[in-house]
Amino acid sequence: MRRVTKPGARHSGSGQEIVVWHHAGSRSPKRTAAAPDITLLGQGCGETLPSLRRIPTSYRLETNGERLYRLCLALVERNLADETLWQKSGKVAVVFARSAIQRVIEEFTGGVLKDRIDYCFEVRDDLGTGYWRGGDLGEGKLMAAFELQACGYLKIGAALEALEVEERFLGAAFYFLLRRSLYRWIRIYDHTDAEAYNEQLHEWMEQDEPESRDAYEFPAVDEAIPEPVRNAKGWTCPSARRLLRRHLQGPHSGWIQKLLTLHRLSRLKGQVMRFEGEYDDPPVPNLLLVFRENDAIQACFDHESERYNESTNEPSCAVCFRPEVEEEFDAAFRTMAIFLRVNMELAGLITLLDGSCCV
């Protein structure tokens, strides 16, 4: 509220004034009309109360806001965000930080992951709530995590057959090195997972009542695995690389070069978080690797995937860091960059194989 002097209210020799009160926050130019029985308020001083229009009327409280603002400062110091983004974010710190990191990810990936593998990125100051039962991360620490939204899908059977035409076990070497490279950074579902599920079905059947055993169906996993993959023994990464490099000038050099790039990236070291008892299950598979569409491996995956979100699963990739500690911040960003690069090379390989003989 403030006091406003009404023009013409001062009387000659009276030294008094008539005032009207109104809400200072109102933007309306209208003033409350004086009542008919308005009275004199004594000696006027010619001063009014200050306007409250520019005084903030609402405040935002951020839980653990100090960590959040440290993250914002770290992003600005590394030229990952600027004042323009701060204005676009409505000067809200959490929106500013999320928008800055999301923009960095989008510029880094360049849309390569679109329609291949879909991740959701999140920054937290704890291990989560609800199904997540984790506690505090530690003094001043944040967790940045990629959560899988849509699993990748790769049919590789036809490509392996084409490679086997060039040389015996070349396709098996390609498959071996691909699996080993991906296992370093992401979880995949392949023929070994299908074999384990098939064995589990047999155990369940043996423990079930005799009259219920006929209801079990067992996917023919062994028949779905190509013969070179079944019979190739004693592979190591160096031996697989040597065989593949002999065909870098061959008709399928593009596939091999892409795989070798993926393999080199996978060997880079990052500081990925390891969880002990904080989640019920490991991450949901980022990639379904099958030989043919709707083969036994895919059938096993379809059955198992029905249970994936019934419990708490670890993030696909997570890092822990203190934003004000330069070494930790940079190590976290480097780890996330390697994770994204591995997925980008995988997406590129899927595109190559989908556009060739893979049917």
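Which numbered condition in (1) open to solvent by 30 Å² or more (accessible area, probe 1.4 Å); (2) modelled with pLDDT under 95 is the only one that residue 337 fails? Result: residue 337 fails condition (2) only. Looking only at the range 289-312, residues that are open to solvent by 20 Å² or more (accessible area, probe 1.4 Å) and in contact with a Pro (Cβ under 7 Å, 6 or more places away or on another chain) come to 1 in all.
Going residue by residue through the range 90-101, is there one that turns out to be open to solvent by 40 Å² or more (accessible area, probe 1.4 Å), closer than 18 Å to residue 143 by Cβ and within 14 Å of the chain's Cα centre (by Cα)? Yes; the residues of the range 90-101 include at least one that is open to solvent by 40 Å² or more (accessible area, probe 1.4 Å), closer than 18 Å to residue 143 by Cβ and within 14 Å of the chain's Cα centre (by Cα). Residue 239 meets the conditions (1) hydroxyl-bearing (Ser, Thr, Tyr); (2) open to solvent by 40 Å² or more (accessible area, probe 1.4 Å); (3) touching a residue at least 12 places away in the same chain (Cβ under 8 Å) in every case but one. The failed one is (2).
Residue-by-condition table, conditions (1) aliphatic (A, V, I, L, M); (2) open to solvent by 10 Å² or more (accessible area, probe 1.4 Å); (3) at negative phi:
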residue	(1), (2), (3)
157	no, no, yes
162	yes, yes, yes
169	no, yes, no
176	no, yes, yes
181	no, no, yes
185	no, yes, yes
188	yes, no, yes
191	no, yes, yes
198	no, yes, yes
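All of 158, 74 fail the test of being assigned to a helix (DSSP H, G or I), under 30 Å from residue 257 (Cβ atoms) and modelled with pLDDT of 90 or more, apart from 158. Among the residues of the range 58-68, at least one is open to solvent by less than 90 Å² (accessible area, probe 1.4 Å), at pLDDT 75 or above, farther than 18 Å from residue 105 by Cα and touching a helix residue (DSSP H, G or I) at 6+ places or on another chain (Cβ under 7 Å).
Can you tell me which of 323, 315 is out of contact with any strand residue (DSSP E or B) (no Cβ under 6 Å at 6 or more places or on another chain), surrounded by 20 or more Cβ atoms within 10 Å (Cβ to Cβ) and of a type outside the set (S, T, N, Q)? Going through 323, 315 in turn, the sole match is 323.
Sub-7 Å Cβ pairs linking a first residue in the range 313-327 that is among the aliphatic types (A, V, I, L, M) to a second residue that is assigned to a loop (DSSP other than H, G, I, E, B) and open to solvent by 20 Å² or more (accessible area, probe 1.4 Å), at least 6 apart or interchain, are 318/272; 318/273; 319/271; 319/272; 319/273, ordered by first then second residue.
The values are calculated or read from the model by the stated rules, or taken from the named source; none is laboratory data. Keep in mind that what you see is a predicted model, and the values were worked out from it rather than measured. As a convention, Cβ positions derive from the backbone with ideal geometry for all residues, glycine included, and neighbour counts pool all protein chains shown. Protein only, heavy atoms only, side chains kept; ligands, DNA and RNA dropped before computing areas. Shrake-Rupley method; radii C 1.70, N 1.55, O 1.52, S 1.80 Å.
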